[in-house]
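Below: one structure, written as structure tokens.
Only the coordinates and a few stated rules stand behind these numbers; no lab work does. A quick note: this is a predicted structure, and the numbers were derived from the prediction, not measured. When we count neighbours, we look across all protein chains shown, and the Cβ atoms used for this are built from the backbone with ideal geometry, even at glycine.
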Amino acid sequence: MQFLVELDIALPAMEPAEREHLFTAERARGEALRAAGSIERIWRVADRPANVGIWRAQDADVLDGLLRSLPFYPHMTARVTPLEPHLLDAGGDD
């Protein structure tokens with residue numbers, strides 16, 4: 001199942017080394033999720049610390065676990081919308 005996932009990030013003030021560690025861990029986890037096929041597409045939002053992506057998971061509970069595995073999770077607000085194929089997307093992969 002595919003989901004539209006919108007993530008807004010609000011990191012608290014922290015020491016530079018802690019921030020760098022958090023960003024490194026987030027990138028590594030994101031790369032692993034991308035390689036596993038859980039993140040199909042992802043875009044940065046131009047005017048704020050946020051991203052929008054198409055994620056794939058068996059169901060909403062599995063997706064919730066994937067999102068909770070992100071190091072940024074405690075500092076993010078997520079909006080999740082389940083997606084279904086559209087009639088105009090006859091060539092879609094789902």
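Quick check on the range 1-41: of everything there that is under 12 Å from the mean Cα position of the chain (by Cα) and acidic (D, E), which residue is surrounded by the most Cβ atoms within 10 Å (Cβ to Cβ)?
Checking each candidate, the answer is E26.
So, of the residues in the range 42-94 that are polar (S, T, N, Q) and under 16 Å from R29 (Cα atoms), which turns out to be surrounded by the fewest Cβ atoms within 10 Å (Cβ to Cβ)?
By that ranking, first place goes to S69.
Given the criteria aromatic (F, W, Y) and free of Cβ contacts under 8 Å to residues at least 40 places away in the same chain, does F3 qualify?
No: the conditions fail for F3.
Go over the candidates L87, L70, L63 one by one and state the one that is assigned to a loop (DSSP other than H, G, I, E, B), hydrophobic (A, V, I, L, M, F, W, C) and touching a strand residue (DSSP E or B) at 6+ places or on another chain (Cβ under 8 Å).
Unique residue meeting the criteria: L70.
Considering only residues that are aliphatic (A, V, I, L, M) and in a strand (DSSP E or B), which ones fall in the range 1-39?
Correct list: L4, V5, L7, I9, I39.
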